[in-house]
Ligand SMILES: [Zn+2]
Ligand SMILES: [Zn+2]
């Protein structure tokens with residue numbers, strides 16, 4: 001096993017944050033020094049092919065990587081791009097077998113941040 005592959009697997013193990021290639025590259029660099037994102041991307045692709053890692057399609061075609069290869073779906077926050085695991089979504093589409101369901105939405109933290117910002121802006125308007 002190459003050093004990169006081992007580092008990538010270590011970083012992903014138990015990682016529930018569904019990191020992007022950029023985030024994984026950054027973490028590998030902290031261990032091994034400079035590595036290019038392309039190298040890490042290739043490593044991730046082969047880990048996906050081996051069924052050790054799952055690729056999740058994020059917003060703007062951004063890939064996120066998940067060491068949990070069990071059956072589950074994902075929800076993505078349109079503000080902070082955080083990816084959440086979703087256990088039970090059921091869709092029933094006649095004559096269609098869904099392979100991946102990605103729910104777009106907004107996470108609780110971003111929602112309250114936006115609400116607070118709106119309240120503040122309202123107050124500023126009053127002045
Ligand atoms: Zn968010
Ligand atoms: Zn997941």
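Coordinate-derived values only; no laboratory data. All values derive from a computational prediction rather than experimental measurement. Neighbour counts are summed over all protein chains in view; Cβ atoms, including those assigned to glycine, are modelled from backbone coordinates with ideal geometry.
Numbers for the structure displayed
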| item | result |
| --- | --- |
| Dimensions in Å of the chain - Rg and Dmax from alpha carbons | 18.3, 64 |
| Dimensions (Å) - the stretch 1-73, Cα atoms, principal axes, largest first | 34, 27, 19 |
| Packing-based ranking, highest mean first, of 67-73, 6-12, 81-87 given that Cβ atoms within 10 Å are counted | 6-12, 81-87, 67-73 |
| The stretch 50-106-the stretch 1-40 distance, computed between alpha-carbon centres (Å) | 21 Å |
| Residue of 54, 113, 29 that the Gaussian network model of the chain assigns the largest fluctuation, springs spanning Cα pairs under 10 Å | 113 |
